[in-house]
Structures are given as C-alpha cells and as structure tokens.
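Here the structure is laid out as structure tokens; the discussion comes afterwards.
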Amino acid sequence: MTDKVAKLCTGVIYQVYLRSFYDGNGDGIGDLVGLREKLPAIADLGCDAIWINPCYPSPQHDHGYDISDYRSINPEYGTFADFLQLIEQAHAYGLQVLMDIVPNHCSVEHAWFQAALHSAPDSPERNRFIFRSGRGENGELPPNNWQSVFGGSAWSRITEPSGEAGQWYLHLFDSSQPDFNWRNPEVAQEFLSILNFWYDCGVDGFRIDVAHGNFKSADLGDDTSPDFPYSYNWRMWNQPEVHDIYRSWRACGDERGGKYLVGEVWLPAGVAKGEYVRPDELHQAFAFDLLVQPWKAPEMRAAIDFALTECAGNNFPAWALANHDVHRAVTRYGQNQVADNPSAAAMIAAGRNFAQTDIELGTRRALAAIALVLALPGSTFIYQGEELGLPEYLDIPDAARQDPIWLRSQGVDKGRDGCRIPLPWDAEKQNFGFSTAEKHTLWLPQPEWFAKYARSRQEKLSDSFLAKYRKLLKLRAEIFHPIGNLQWLSDKDVGNVLAFRAGRGVCVVNLAAQEFSVPSTWNLTNLAFNTAGGCQAEIIPANSASWYICENSAQ
C-alpha cells in the first residue's frame with residue numbers, strides 16, 4: 001500500500017455534494033469553480049481529501065446518480081478544464097481527490113441504453129442491460145416481483161421499435177436508471193476503461209456507489225421473503241461474483257501507483273463486510289451500522305465492535321455520521337429514534353426520521369458523536385455542512401422537493417432533499433453567500449434560519465460548533481495518530497458511557513442525561529478537550545465527550 005492510500009485509510013475525507021456546496025457562476029447551482037474557490041476552507045478544517053458526488057453529464061433525475069456519460073463533466077458544473085484545474089489546486093492544498101463511480105446503473109440517456117432501445121430482443125446492445133420478457137398472457141406483468149429501492153416495481157416496460165409493447169428492463173432504483181448486466185464481460189471491460197480514464201486525469205481513487213449491487217442472482221427468481229415487499233431481497237444484492245469486480249479494480253489501481261477504493265455497502269445487520277475489504281479487494285467499506293444506532297452506549301459499542309471485527313486483519317473501517325442519503329446528525333440525535341438495531345430493509349430509512357426534534361440536544365450529541373468517530377481507528381468521512389452543525393431542513397415545501405424517492409412514493413416518503421440544501425456561507429449576503437442568483441432560482445430553497453449557522457458568523461465565535469469541530473480535527477492528528485488498536489476501558493454494564501484507548505489518547509463519551517464521574521482507576525488527568533466546554537477532567541457533562549492524552553496508551 002502506498003503512503004497516499006494509507007493516509008486515506010486513516011485520514012479525514014470531506015464529502016462535497018457539488019450541487020449545494022458553492023455557486024461560482026451565479027446560476028443557483030454549485031459548481032467546480034465554486035469548489036475551487038472554497039478549497040482553502042476544506043484544507044483549513046484539517047481534511048486530507050475530498051470526495052465529490054457524481055459530476056458527470058446527467059439528466060439529473062437522481063441528481064447525478066443517473067449518468068449519461070462516464071468520461072465527461074456535466075456542463076452545469078463547469079468544463080473538463082475546470083475539473084483538471086480542481087485536481088491541480090486540491091493537490092496543491094494537500095487534498096487528494098476522490099470521485100464517485102456508479103457501476104450498478106446508468107441513465108436512460110446513456111448511449112448504450114439508447115442503442116438497446118432501438119435494437120431487437122437478445123441483441124448485443126440489450127445484453128449490456130437486464131432485459132426480459134414479461135409474464136402473463138401477453139407479457140403484461142413484470143418478469144418477477146422485485147421492488148425498487150425508491151418504491152414501486154423494479155421493472156419498466158419499453159415500447160419496441162415496431163411500436164408494440166415489448167420487453168421489460170430492470171432498475172433497482174428509479175426507472176430512469178437501468179441496471180447494467182455485469183454477467184456481460186463487455187460491461188467489466190468498459191468500467192476498467194473508465195477508471196483508467198480518470199486515473200490519467202490525476203484522480204486519486206473512487207467511492208463506489210451501491211458496491212454490494214451490480215450482480216443479481218442468475219435466475220432472477222421472485223423475492224420469497226416472508227415480509228415481502230419490506231424485506232432484504234438477497235437475490236438483488238451481495239452476489240459472490242461481485243468480488244471479481246473489485247479484485248480487478250484493485251489490481252488496476254495498484255498498477256497505477258496505488259489508487260484508493262472505498263465501498264458503499266449496505267448489508268443486513270450482522271452480515272459482515274469483511275469479504276469486500278480483503279487484501280486484494282477494496283481498501284475500506286463504510287461502517288453504516290454505527291450511523292443508524294440510537295443514542296445508547298450498548299448499541300453503539302456493539303456496532304463499533306462489529307465493524308472492527310469484520311475487517312480484522314485488513315484496514316480499519318471508514319466511519320461516517322452523515323451523508324447525502326440520510327438526515328443530518330444534529331437532527332437524528334435530537335429525535336427519539338424509532339427503533340433499536342433496525343432491520344436491513346429499514347437501515348437507510350432509520351436515518352430519515354421525521355419525528356419532532358430537540359435541536360439543542362441534537363447539537364450537543366452530534367458534537368459528542370463526531371468526537372467519538374474521530375477517535376476510532378480508521379478514516380472519517382465528513383459530509384459538507386456537518387462542521388457547521390446544520391440541522392435537517394424537514395419542512396421543504398412539497399412543490400420544491402425533487403428527490404425521486406418523494407416522486408415515486410407519491411409523497412409518502414419525503415426523501416433526501418433536506419440534507420442537500422445549499423450551504424450558508426455568509427449570513428449577511430443574498431442566499432447566505434451560496435450564490436449571487438435570484439433567491440427563487442436556487443435549485444433547492446434555503447430556510448431563513450440557516451443564517452444562524454452561516455460560516456461567517458461561526459468564524460467570529462471561539463465556542464461555535466465550527467470552532468469545536470476544527471479543534472477536534474487538529475487534536476485528532478496529535479492524540480490519536482499514529483493510529484492504534486482500540487482498547488475498551490468501560491465495561492458493558494458501566495452505564496450509558498463509552499470509553500476507550502487509541503493511539504496516545506483516551507475518548508470518553510457520556511451518552512447519559514446526567515454528568516459522569518470518571519473512575520479514578522482509569523487514571524485520566526490530562527484533559528485535552530471536552531465538547532461541552534468548561535469541565536474538569538474527572539467530570540464529563542451529559543451528552544458530551546472528553547479526550548485525554550495518555551502517553552502510556554497502547555499503540
């Protein structure tokens with residue numbers, strides 16, 4: 001493993017949802033010019049890399065996850081030259097650049113799919129996707145009963161070139177996102193070519209969307225789970241052949257001097273991701289189990305232990321408390337979670353709870369939670385705006401919502417728009433400094449209360465959420481690196497408290513509603529930081545975390 005890859009496996013990566021980060025040309029949509037302008041803010045935070053959500057050409061039915069051309073840049077975001085300049089400037093700031101790759105599906109506007117629509121059944125063009133004849137007397141029923149992640153059937157029927165109702169194509173997500181047929185070697189060859197194209201441009205690695213997808217069961221049999229359609233459909237996910245993809249991708253990256261790969265792998269609780277992070281496959285996979293746990297020490301500890309165990313002998317996990325698919329941490333931790341240890345089918349939904357929120361409580365907990373995650377062995381992914389303590393915008397007007405989840409569910413599921421609102425940079429400027437465009441032209445509306453969270457206001461306060469976030473990132477490099485194995489100090493029955501040693505430090509998180517007295521036997525006297533502020537080494541306030549420096553901690 002190269003030093004650059006090793007740094008990513010233990011570093012801090014900032015997730016850029018480009019559309020909402022910063023608008024550099026005044027059209028109401030974030031872009032590459034805007035990202036380049038704000039790179040110093042990311043570097044100053046103390047990050048090692050940026051991960052950019054899809055910025056390829058796309059009709060934006062799923063805001064970039066429906067790709068029409070894998071080798072170009074969406075004109076909404078700028079030019080190819082803008083992207084090359086971004087890489088150059090990011091590297092100058094010491095930031096590696098990760099792109100998002102979407103191998104499970106593309107856009108209906110992709111040239112391959114358009115060719116398939118204009119070709120005959122069983123043609124080479126159709127064999128790049130998963131086309132099947134329907135069931136029923138006239139093929140009017142889908143080929144099986146699979147349900148889309150976004151709601152409704154996972155199959156859509158096409159009109160043949162002759163004008164007759166024809167075959168059906170599979171889409172595990174929106175109907176605008178046809179699934180590739182990875183049992184066709186041409187697909188594998190195409191994606192290796194795509195990876196190499198971007199490596200030639202200087203990209204340092206990829207986050208892999210739906211890394212447990214791609215292959216489906218060869219028979220495409222019905223989902224026979226007893227709780228269908230709310231089940232985890234094992235025929236759709238986690239097929240053994242998927243690992244052949246990542247062995248070839250790892251070999252490709254290694255041949256290019258060492259390129260980093262991290263997978264989005266959503267699997268049922270208790271199903272290990274260890275196979276995905278074997279020495280010849282992905283470097284890391286996201287430890288999502290921790291993200292969806294309620295604010296309870298036993299559940300969080302179990303999720304941490306599970307994540308560390310499943311990748312034992314390989315790299316440590318990639319941790320995250322938020323991303324573009326779930327509600328922001330301040331909101332989640334300010335709610336009464338609806339269920340402990342959510343089922344596989346409900347894991348992502350557990351991160352999108354619309355219950356009443358105590359923002360003050362959620363803010364305290366979110367800061368304690370990031371202190372917990374930053375102290376854990378592995379890498380930490382920070383979703384843009386989390387450093388500002390932004391809550392979720394739950395009350396977006398219905399007419400402004402754009403998520404296909406909202407559209408396909410006929411409004412039953414409000415979707416993910418609330419965590420994708422354009423960021424507030426300056427409280428005194430139009431659109432809170434995100435864009436010079438007219439307010440009504442922003443791609444998603446900002447709430448007026450965003451002013452309170454604007455970076456310009458937080459920069460002036462020594463005890464702001466942003467200031468504490470920066471402090472934690474700075475101390476992380478001093479206390480918890482070089483990275484060490486985790487050793488628990490707290491017993492499982494110590495109460496609602498988590499305490500462990502890692503590197504040169506000790507992290508103690510008090511998840512209880514009352515203060516916690518640190519046992520004298522832990523010998524913790526050198527307090528480095530507490531997220532609530534103003535406390536003594538031996539007392540940890542409710543819903544806060546303390547970091548200690550212990551020179552004799554295990555390495």
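Every number in this text was worked out from the coordinates using simple rules, so none of it is lab data. Please read all numbers here as calculations on a predicted model, not as lab measurements. Cβ sites come from the backbone with ideal geometry, for glycine too, and all protein chains shown count toward neighbours.
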Query raised in the report: Within straight cross-link reach of Lys296, meaning Cα distance under 21 Å, which lysines are found once same-chain residues fewer than 8 apart are removed?
Result: Lys492
Report summary line: For segment 485-549 the mean separation of alpha carbon contacts under 8 Å (6+ apart) over residue count, i.e. relative contact order in percent, is 32
Query raised in the report: If you stretched the chain out fully between Asp398 and Glu538, how much longer would it get, using 0.36 nm times the residue separation minus the C-alpha to C-alpha distance?
Result: 45.5 nm
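Could I get the Rg over Rh figure for segment 111-170? Both from C-alpha atoms, Rh via Kirkwood, rounded to two places.
Details: Rg = 11.5 Å, Rh = 11.9 Å.
That ratio equals 0.97.
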Query raised in the report: Can you pull the three principal axis extents for the Cα set of segment 167-254, in Å, largest first?
Result: 47, 26, 21
Report summary line: Out of Phe83, Ala116, Gly24 - ranked by how far each Cα lies towards the positive end of the dipole of segment 1-153, with unit charges on the beta-carbon of charged residues - the top one is Ala116
Query raised in the report: Can you list the chymotrypsin sites (Phe, Trp or Tyr not before Pro) in segment 174-271 that are in a DSSP coil and have 13 or fewer other beta carbons within 10 angstrom?
Result: Tyr230
**Report entry** Förster radius 25 Å - calculated FRET efficiency between His91 and Glu448, Cβ distance, rounded to 0.05
**Finding:** 0.05
Query raised in the report: For Asp3 and Ala312 in the same chain, what is the full-extension length gain: residue separation times 0.36 nm, less their Cα-Cα distance, in nm?
Result: 109.2 nm
**Report entry** Calculated FRET efficiency for the pair Trp234/Asp358, C-beta based, R₀ 41 Å, to 0.05
**Finding:** 0.60
Report task. Place +1 on the Cβ of every Lys and Arg and -1 on the Cβ of every Asp and Glu in the chain, take the dipole about the Cα centre, and give the residue among Asn238, Ile540, Gly139 whose Cα lies farthest towards its positive end. Result -> Ile540
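Take the Cβ-Cβ distance between Ala111 and Ser217 as r, set R0 to 30 Å, and report the resulting FRET efficiency rounded to the nearest 0.05.
After rounding to 0.05, the efficiency reads 0.60.
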Query raised in the report: Is it possible to state the helix-based mean residue ellipticity at 222 nm for the chain, with each DSSP H run of 4+ residues giving -39500 (n - 2.57), the sum divided by total residues, to the nearest 500 deg cm²/dmol? What is it?
Result: -7500 deg cm²/dmol
**Report entry** Spacing of the two label points (7 Å from each Cα toward its C-beta) at Glu241 and Thr159, in nm
**Finding:** 3.3
Query raised in the report: Which lysines have a Cα lying under 18 Å from the Cα of Lys216, excluding residues fewer than 8 positions away in the same chain?
Result: Lys273
Query raised in the report: Within the set Lys38/Lys414; Lys414/Lys474; Lys439/Lys468; Lys7/Lys468; Lys7/Lys471, which residue pairs have Cα atoms separated by over 26 Å?
Result: Lys38/Lys414; Lys414/Lys474; Lys439/Lys468
**Report entry** For segment 455-555, alpha-carbon Rg and Dmax in angstrom
**Finding:** 13.9, 44
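If you wrap the chain's Cα atoms in a convex hull and average its projection over all directions, what's the area in nm²? Kindly include the intermediate steps, with their values, before the conclusion.
Values: hull surface 99.0 nm².
The number I arrive at for the chain is 24.8 nm².
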**Report entry** Gain in span if fully extended, Ala427 to Ala272, counting 0.36 nm per residue against the direct Cα distance
**Finding:** 51.3 nm
Report summary line: Ignoring GluC sites (Glu not before Pro) buried by more than 11 other Cβ within 10 Å or outside DSSP loops, the longest site-free run in the chain is 165-427
Report summary line: Neighbours of Asp174 by Cβ distance under 12 Å: Lys/Arg at +1, Asp/Glu at -1, summed charge -3
**Report entry** Model label zone, Asp280; criterion: amide N under 13 Å from point 7 Å along Cα-to-beta-carbon; scope segment 223-255
**Finding:** 243-252
Report task. Nearest 5 is fine: what % of DSSP beta bridges in the chain come out antiparallel, could you say? Result -> 55
